[in-house]
Amino acid sequence: MPLWRAAPVGDVARKLASALGMPLRVARLVAARGYRDPEEVRRLLTADVPWSHPMDFTDMAAACEQILWTVKRRENIAIIGDYDVDGVSAAAILTSAIRALGGDVSCHIPERVSDGYGFSLRLLEDAKKAGASLIVTVDNGIRAVEAIMAARASGLGVIVTDHHEPGDEVIPDGIPVLHFTRHRDPVSAKRGCGAFVAWKLATQLLAEAPESRREALRAWLMGLAALGTLADMMPLVGENRRLVREGMRGLAVSGRAGWRILCDRARVSRETLTASDVSWRLVPRLNAAGRMAHADLAYRLLMADDEMEATRLADEIEALNERRREAVDAAFAEAASLVEREYGANPAAVVVAGQWPLGVVGLVAARLAQTYGCPAIALADMGDGTLRGSGRAPEGISLLQLLSQCSGFLDHFGGHASAVGCGLAASQLAPFRAALLEAAVREPRTSSNVPMTLADDYLVLSESADELLMWLEKLAPFGPEHEPFQFFVGPVEIARCTPMGGGEHLRLVLTEGDARQEAVWFRAPPAVARDPSGLWAFIVELAPNAWRGVVRPQLRIDRGYRLPRAVSREAFASAFRALRRGPCTLEVLQQRVSSVSADLARDLDSVLETFLELGFAAQKDGLYHVIASEKRDLRDSVAYQSLVRRYLRPISNEGE
């Protein structure tokens, strides 16, 4: 099995490179992702898929009519949001659009601990106090039948806009529902987040606004929809891909004071803003408000136009984000200790509970799922005999489906295939844990013994990466279903290892022959700094690194492996020199190299197989001999990749 996906795509890659005028290395990447038709690749590069029409939501006309009628009557419209960035972005989108129409809007976002998720009876009371005659949910509401019924009984109109999975609850007739289950193309619509649905509604509403107001808002609202899409980690294919690419431009040029100051606090340049900046530096800050205090802070920051107010809110959110980091680190350390003690190695699923802030358990669950490669649920002890928390699952496993098999132990649950929220009585923890584990064991999973590709392609340190980075930026943005391209680097040595961020991160100088390249490793395993000697292999991403106005490619390490010297290129060179001494059998060649290295003699069959595959040598009548050939990289050989795979020793945060 090749180490990287691009190993078997040579012919297809050459055709794509010729048809599109792209470098062969870039063509290898897209061919390895399954692209065969040049027109498909052109669409990938341009992201110019047609926009779906807002009226594809079958209840869109009814929803718009109700909102416009309420605006005309000058009555209050209550927006019911959610406490994550998707919900906050959706609330900001719809509030901005209705205000552009001259409407009176109040926004109500639940507090995570006291209110729980979504539209509730308490939020209904808040809306009534604000004088609302119409309630519009964003990023929630598809399961809020009790609150919807109560609102109707009180004489209020209700519109539901949501993207979460529906339950068994039935929303009463006459309630407009903008949801993928009520869309002309439910399969593609299901890829949209809550902010995407709100943006479609806002787009249709603004058709009634003066053109000057509509144009002033267009880029900003698209940017907010892109923000929600990235925050909720929606698939970056099709319309979502175009939305994020064009929405990033809106976020880059927006004049909103709150967004500008948020970028300043995160040390993010809006001129070079990327989807990665949004996902990893801005979204966590906005989410920190809802995790550690109240998401209303994030909503008000996105809506802020006053510089002083925006500065105050951004500073408050920055402090909350620092508290969030500390709380997540402490909770994860405790949760990982519980997993090691209660589950042992290779669990099928994990459930842990502790005295942790409710706002961080989703992040803890995500780290657990990544660390152990299985569904993980982290629960916060609420101190009243109940547990509430979040779960995450690796790609290909539906945690929502697993929970449905254990629903008898839960007070409530909901969410997506890969991310859920749930609650239960503390007394039900043990039976719930056992039931989830049993359900996960029954779930078909890929055997860990099956060798998997580790990267999209390999990277040579001696080659300039500037052109490759330029093409990768054309292929961006990256996310679910269009993951960042990853490269195998190695065998290399670590010439210098410098701690950063209090020792949590590392800046490395890697050497490959005479070539040197700098790399960074965020949250690096402590074992690397303790002993960086020997040969290494790394899985890296190539990212732009701006310093004093100059942008250079930078290697960002995702994971690392130790390697013995037997697979070094110097060892292959020694074997080749020994073969050049004259035709010989395998046994004779082993004698020739045994003085060089016992390891090399042991692996000589794989070395010879590599030479044969690359055309460096031939075999005739049982004798191996060198032949004239063009220069090729050892890593082009699957035999070489198999040899490297044999010796890879993963380095984890727990050690080697």
**OP:** Rounded to the nearest Å, what's the spacing between the alpha carbon centres of the range 505-552 and the range 574-589? Just the number, please.
**Re:** 36
Original post:
From the Cα gyration tensor of the range 499-550, with a ≥ b ≥ c the square roots of its eigenvalues, which class applies: rounded if a/c is under 1.5, or else prolate if a/b is larger than b/c, or else oblate?
Top reply: oblate
Original post:
Once a ≥ b ≥ c are taken as the square roots of the eigenvalues of the Cα gyration tensor of the range 87-129, is the result rounded (a/c under 1.5), prolate (a/b larger than b/c) or oblate (a/b not larger than b/c)?
Top reply: oblate
**OP:** Loop only per DSSP, at most 14 neighbouring Cβ atoms within 10 Å: give me the chymotrypsin sites (Phe, Trp or Tyr not before Pro) in the range 12-120, ordered by residue number.
**Re:** Trp51
Original post:
Give me the log10 of I(q) over I(0) for the range 581-632 at q = 0.14, 0.21, 0.31 Å⁻¹, as the Debye formula computes it from C-alpha points; what are the numbers?
Top reply: -0.34, -0.75, -1.24
Original post:
When the chain is fully extended, how far beyond the present Cα-Cα distance does Leu612 get from Leu586, taking 0.36 nm per residue of separation?
Top reply: 8.1 nm
**OP:** Pull out the extension gain between Asp185 and Glu65, defined as 0.36 nm times the separation in residues minus the alpha carbon to alpha carbon distance; nm, one decimal.
**Re:** 41.0 nm
**OP:** Quote the convex hull volume per residue of the range 468-574, based on C-alpha atoms, as a whole number of Å³.
**Re:** 135
Original post:
When the C-alpha atoms of the range 1-66 are aligned to their principal axes, what extent does each axis show, in angstrom, from largest down?
Top reply: 57, 29, 13
Original post:
Which loop trypsin sites (Lys or Arg not before Pro) in the range 263-335, with loop taken from DSSP, have no more than 13 other Cβ atoms within 10 angstrom of their Cβ?
Top reply: Arg267
Original post:
Taking R0 as 41 Å, what's the FRET efficiency between Leu44 and Ser427 from their Cβ-Cβ distance, rounded to 0.05?
Top reply: 0.20
Subject >> Cα-Cα separations in the range 377-461 greater than 22 Å, expressed as whole percent >> reply: 37
Subject >> Pairwise centroid distance, computed over Cα atoms, of the range 140-181 with the range 91-114, Å >> reply: 17
Subject >> Percentage relative contact order, the range 418-535, counting C-alpha pairs under 8 Å, at least six apart >> reply: 20
Subject >> DSSP-defined antiparallel bridges as percent of all bridges, the chain, nearest 5 >> reply: 70
Subject >> Convex hull volume per residue in cubic angstrom - Cα atoms of the range 501-656 >> reply: 132
Original post:
In the range 268-368, what is the volume of the convex hull around the alpha carbon atoms, normalised per residue and reported in Å³?
Top reply: 116
Original post:
For the range 531-626, which chymotrypsin sites (Phe, Trp or Tyr not before Pro) are in a loop by DSSP, counting at most 12 other Cβ atoms within 10 Å?
Top reply: none
Subject >> Principal-axis tilt of helix 466-475 within the chain, Cα atoms, nearest 10 degrees >> reply: 40
**OP:** For the range 213-337, count all C-alpha to C-alpha pairs, find those more than 18 Å apart, and express that count as a whole percent of the total.
**Re:** 54
Original post:
How many Å² of accessible area per residue for the chain, probe 1.4 Å?
Top reply: 44
**OP:** State, in angstrom, two size descriptors of the range 194-249 derived from its alpha carbons: Rg to one decimal place and Dmax to the nearest whole number.
**Re:** 11.3, 34
Subject >> DSSP bridge pairs, the range 311-428: antiparallel proportion in percent, nearest 5 >> reply: 75
Original post:
From the backbone phi of the range 61-75, what are the Karplus-calculated ³J(HN,Hα) couplings (6.51 cos²θ - 1.76 cosθ + 1.60, θ = phi - 60°) in whole Hz, Gly and Pro given as x?
Top reply: 4, 5, 5, 5, 4, 5, 5, 5, 5, 5, 5, 4, 7, 6, 9
Original post:
What is the spread of the Cα atoms of the range 58-146 along each of their three principal axes, largest first, in whole Å?
Top reply: 36, 27, 23
Original post:
If you line up the Cα atoms of the range 543-630 on their principal axes, what length do they span on each, largest first, in Å?
Top reply: 61, 28, 18
Original post:
From the Cα gyration tensor of the range 479-522, with a ≥ b ≥ c the square roots of its eigenvalues, which class applies: rounded if a/c is under 1.5, or else prolate if a/b is larger than b/c, or else oblate?
Top reply: oblate
Original post:
How many nm is it between the label spots at Ala153 and Arg507, if each spot is 7 Å from the Cα in line with the beta carbon?
Top reply: 6.4
Original post:
Angle between the Cα long axis of helix 429-442 and the longest principal axis of the chain, 0 to 90 degrees, nearest 10?
Top reply: 50
**OP:** Using all C-alpha to C-alpha distances in the range 400-554, build P(r) with 5 Å bins and read off the rounded percent in each one.
**Re:** 2, 7, 12, 13, 12, 11, 10, 10, 10, 8, 4, 1, 0
**OP:** Quote the Stokes-Einstein diffusion coefficient, in whole µm² s⁻¹, for the chain, based on the Kirkwood radius over alpha carbon pairs, a temperature of 20 °C and a viscosity of 1.002 mPa s.
**Re:** 78
**OP:** Could you let me know the centre-to-centre spacing of the range 327-366 and the range 603-656, using Cα atoms, in angstrom?
**Re:** 42
Subject >> Label point at Ser642 placed 7 Å out along Cα→Cβ; residues across the range 602-630 whose backbone nitrogen lies under 18 Å >> reply: 602-619
Subject >> Rg followed by Dmax, in Å, when the range 201-283 is reduced to its Cα trace >> reply: 13.0, 38
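The values are calculated or read from the model by the stated rules, or taken from the named source; none is laboratory data. None of these values were measured; they are calculated from a predicted model. All Cβ positions, even for glycine, are placed from backbone atoms using ideal geometry, and neighbour counts span all protein chains on display. Note: accessible area is taken over every heavy atom of the protein model, side chains too, but ligands, DNA and RNA are not part of it. Shrake-Rupley method; radii C 1.70, N 1.55, O 1.52, S 1.80 Å.
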